[in-house]
Amino acid sequence: MKKLLIGIIAIIAMCSCEPETQTKIYTADGASLYVRKFEYDGHKYIEFSRTLEVYDNYTGYVHDPDCPCHGNM
């Protein structure tokens, strides 16, 4: 019984965690999007998605305009 209870608590705890790198925003039409900034191979990117759990064909990536490779001054 203790193992079952610990398992349920662990699942609830894991599901309640949200990555610190994601921010929830709302578009002009009221839809919600999750935005995540990340770095890969020396470049900065931004990911836009509608859900946290899975890739849903609405996930998109753009090269961050603040990336050092653009030579921002």
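Bear in mind that the values in this text are calculations on the coordinates, not laboratory data. As the structure is a computational prediction, the values presented were derived from the model and not from experiment. Note that each Cβ is placed from the backbone with ideal geometry, even for glycine, and that neighbours are counted across all protein chains shown.
Taking a straight Cα-Cα cut-off under 20 Å and skipping sequence neighbours fewer than 8 places away in the same chain, the lysines within cross-link reach of residue 44 are 24.
Remark: spin-label model distance residue 24-residue 63 equals 3.3 nm, labels positioned 7 Å along the Cα→Cβ axis. Taking 7 Å steps out from each Cα toward its Cβ at residue 41 and residue 10 produces label points 3.7 nm apart.
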